[in-house]
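The values are calculated or read from the model by the stated rules, or taken from the named source; none is laboratory data. What you see is a predicted model, and the numbers here were worked out from it, not measured in a lab. Using ideal geometry, Cβ is built from the backbone for each residue, glycine included, and neighbour counts are taken over all protein chains shown. These area figures cover heavy atoms from the full protein model, side chains too; ligands, DNA and RNA do not enter into them. Shrake-Rupley method; radii C 1.70, N 1.55, O 1.52, S 1.80 Å.
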Amino acid sequence: MRIVCIGGGPAGLYFGLLMKKENPAHHVTVVERNKPYDTFGWGVVFSDATMDNMRAWDIETAQEIEDAFNHWDDIEVLIKGRRMRTTGHGFVGIGRKKLLNILQARCEQLGVELVFEREVDSDLEFPDADLIIASDGINSKIRNRYQDAFKPDMVMRPNRFIWLGSKKSFDAFTFDFRRTEHGWFQAHIYKFDADTSTFIVETTEDVATAHGLDKADEARSVAFCEELFSEVLDGASLMSNARHLRGSAWLNFGRLICGKWSHFNGTNHVVLMGDAAHTAHFAIGSGTKLALEDAIELTRQFREFGATADKIPEVLGAYEEVRAVDVARIQNAARNAMEWFEVVGSRYADTLEPEQFMYSLLTRSQRISHENLRLRDKAWLEGYERWFAARAGINIDPDGPPVPPMFTPYRVRGLTLQNRIIMSPMAMYSAEDGVPNDFHLVHFGSRALGGAGLLFGEMTCTSPDARITPGCLGLWNDEQAAAWKRIVDFVHTTTSAKFGLQLGHAGRKGSTRVAWEGMDQPLDDGNWPLISASALPYMPNSQVPRAMTRADMDRVKADFVAAAKRGIEVGFDIIELHCAHGYLLSSFLSPLTNERTDEYGGSHENNARYPLEVFRAIREVWPADKPMSVRLSCHDWTEGGNEPADAAIYAKMFKDAGADLVDCSSGQVSKAEKPVYGRLFQTPFSDKLRNEVGIATVAVGAISEADHANSIIAAGRADLCALARPHLADTAWTLHEAAKIGVKSVAWPKQYLSAKLQYESNLARAAAGPRPS
Ligand SMILES: Cc1cc2nc3c(=O)[nH]c(=O)nc-3n(C[C@H](O)[C@H](O)[C@H](O)COP(=O)(O)OP(=O)(O)OC[C@H]3O[C@@H](n4cnc5c(N)ncnc54)[C@H](O)[C@@H]3O)c2cc1C
Ligand SMILES: Cc1cc2nc3c(=O)[nH]c(=O)nc-3n(C[C@H](O)[C@H](O)[C@H](O)COP(=O)(O)O)c2cc1C
């Protein structure tokens, strides 16, 4: 085959040499516009896994790269006068120049034709080639030529960065955060050869502009950074080698995804590779790794299908299929890490204490969890667990086992929870006339015995017409209060769990069948009239609600207050006001369901007016030593609906009205929603609200393991974690998860004590693997 790689970066060179090595009869050319040893940039990092892969494909290059590597284990973080260090993180760094030289030399050795100082304008310059690799980097001319085919989606990210170098040798991957009068800057620093380190400085557009850096040339930018980071530089200077850049030396990162990776131009097959196909932010430093792994995968597919011209279409299809998945995974992690650095100044740097800030930094990509950190640096993690537990008021035995964050107590007003796990509210549709019965006693009782710190009752309705279904629970009469009291008393006297009351009104989503007879479907008969913020039905076949009048508002508010008063008699420990999921109060908060033109619609302030009025009225009668939370849909997942920024505005309003916690849910406001589900998918909302608004939060949604909960709480992304479905699947979720992560200090009910040891031993035996026969 005749192969031409346009662009002699890591992707083009490595693919060239691998194919030539596969079959010396291939004619492979790499065309590069720069001179052989002329390149921009300093060092790149990659992981041990990439090296394993490279070793398997060309031991010679892998060996040379390894010999040139700088390996280090430690991460050091500087912030607010503190210098903190952790180990076990295993990175390798190499100069970009050195890497390219190794690849170039290997290409020459294998007989790859290297053409330097030739600027390629078009793939059509190589009509004889069977295959053209567009490895011409992020600004790929070849990709831009065939935009319709490749469908590139480039998003310029808001931060500005400058890629510098220093002759100071750093013995750890160092992150240095510095505040100026305009805001925060961060430096990402790592050594890549005996005497040189990469030194990337990053800040937000606003802060860069406030300092005039958007207009600063290279010399001024370098001088600025030298002064700002003088402590960590300790007299060393910074160097720039981005001479090729015009205008400001401060760049914006472009995040690139391509809809398709290959194209037949009428004569040759053209395929994207490396940065021409995708980018991954330097926050997790994987761009070079991705480029090299693209090269390996395309070579693998040629080996699989046969390296002849007729196989090219199949090979390219398979290459794209495999790589797109891997790249998406890395891009996801890179996105989390990148976004962390975009908000670090506004969200974490000022508010989190240095210890927690460091934990948040280490887990920024959300690929490294609490237990991963334990494997990397047990001593550091245990030190952090002790620090966290001490903040939560536990007396720590310095020699005893530490307590993971989810098992630390949480205090809010006069309420102390024994741990940070909540059984999330879950409608069971199993009541008659709103009265809790034996099902509810067993349902809640068994979960309370199962170790959760707080149980929330399902949405409990404030009047018969506030119900979602005829099976919903209520608290509008004494019979209901007495039945609730039996359950709450059982929980309080038999376990140390606390019990929360979630008060709600179904609004336009009321008068429907129980879930298993047709979720959200109107009743066959016995429907009751509905009210909502506006007269908009939930579904085309739903009943049309009446837009609430002021008289409706007064009545409903009085019902909420009466239910809250009954809640005091029952002995609930906390009230959560349900302002989520499209129910009555939520219908005011979302522009999708609130079309009012009076003082209850049209702006954040107006939309929140009635929900806040209800909140305040309850807060007035609810005892001052008992907390209140508010559940919000932090994202409507629908065009024109609320987004997390709107939720932050509402959270601030509820905070000012006396809310102690925001329970950060999302969706169910509109049938047109397109939620993006995934592990911990709503936790980013909790993170935003907690750290931007400064209110305690509950994270909920697809949290299913202790490791998830510990990572969330330890990083300060939430104060508490609520789990719904896992509690349906396992009544003793908390006790079981404690055992799974080896925490023995969590008490089991005394009646069940004999099972605890057996459960723990069985887990230990399973972890040790099969017994030798
Ligand atoms: C600040 C910063 C830090 C980074 N840190 C890391 C890191 O730590 N680890 C990591 O893995 N990655 C890092 N990267 C990313 C990494 O540099 C790229 O992902 C990687 O180089 C991609 O390789 P490539 O071969 O696809 O593209 P490139 O390395 O960009 O190579 C493309 C080549 O094509 C040539 N070319 C372009 N157009 C033409 C043309 N028309 N004709 C001829 N030649 C042409 C260019 O001169 C260049 O040599 C970082 C990037 C930045 C910006
Ligand atoms: C059967 C069921 C009933 C639910 N009922 C309620 C409810 O009454 N009130 C509420 O706010 N959320 C309700 N939810 C949502 C849960 O509280 C929780 O936010 C959601 O299930 C995501 O958490 P999970 O991934 O742990 O299940 C319900 C969820 C389920 C599965």
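Odds and ends about this structure:
- Taken together, the residues in segment 1-50 that are surrounded by fewer than 22 Cβ atoms within 10 Å (Cβ to Cβ) and within 9 Å of ligand 1 (Cβ to nearest atom) amount to 7.
- Tally of residues being part of a helix (DSSP H, G or I) and acidic (Asp, Glu) across segment 121-161: 3
- If you filter segment 501-515 down to residues that are within 11 Å of ligand 2 (Cβ to nearest atom) and part of a strand (DSSP E or B), you find that the one that is nearest to the chain's Cα centre (by Cα) is 502.
- When segment 173-219 is limited to residues that are basic (Lys, Arg), more than 14 Å from residue 161 (Cα to Cα) and away from ligand 1 (no atom under 16 Å from the Cβ), the one that is most open to solvent (accessible area, probe 1.4 Å) turns out to be 179.
- Test: residue in segment 433-454 that is part of a strand (DSSP E or B) and within 22 Å of residue 416 (Cβ to Cβ): yes
- Taken residue by residue, segment 680-698 has at least one member that is buried (at least 24 other Cβ atoms within 10 Å of the Cβ), farther than 21 Å from residue 385 by Cα and among the small types (Gly, Ala, Ser).
- Taken together, the residues in segment 410-430 that are away from ligand 2 (no atom under 14 Å from the Cβ) and either more than 26 Å from the chain's Cα centre (by Cα) or under 22 Å from residue 622 (Cβ atoms) (or both) amount to 9.
- When residues of segment 574-601 are limited to those that are touching a residue at least 60 places away in the same chain (Cβ under 8 Å), in a helix (DSSP H, G or I) and of a type outside the set (A, V, I, L, M), the one nearest to ligand 1 (Cβ to nearest atom): 586
- Residue 275 satisfies every condition listed in (1) more than 30 Å from residue 182 (Cβ to Cβ); (2) within 9 Å of ligand 1 (Cβ to nearest atom); (3) open to solvent by less than 20 Å² (accessible area, probe 1.4 Å) except (3).
Results for (1) open to solvent by less than 10 Å² (accessible area, probe 1.4 Å); (2) farther than 18 Å from residue 732 by Cα; (3) away from ligand 1 (no atom under 16 Å from the Cβ), shown as yes or no for each residue.
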position	(1), (2), (3)
465	no, yes, yes
476	no, yes, yes
495	no, no, yes
499	yes, no, yes
502	yes, yes, yes
522	no, yes, yes
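- Meets criteria (in contact (Cβ under 8 Å) with a residue 60 or more places away in the chain and either small (Gly, Ala, Ser) or in a loop (DSSP other than H, G, I, E, B) (or both)) for residue 641: no
- Among (1) more than 17 Å from residue 654 (Cα to Cα); (2) among the hydroxyl-bearing types (Ser, Thr, Tyr); (3) in contact with a helix residue (DSSP H, G or I) (Cβ under 9 Å, 6 or more places away or on another chain), the one test that residue 549 misses: (3)
- Residue in segment 67-95 that is most open to solvent (accessible area, probe 1.4 Å), counting only those that are without any contact (Cβ under 8 Å) to a residue 40 or more places away in the chain and assigned to a strand (DSSP E or B): 83
- Among residues of segment 709-724 that are within 13 Å of residue 687 (Cβ to Cβ), those with a beta-carbon under 6 Å from a residue that is part of a strand (DSSP E or B) and open to solvent by 10 Å² or more (accessible area, probe 1.4 Å) at least six positions away or on a different chain give the pairs 719/696.
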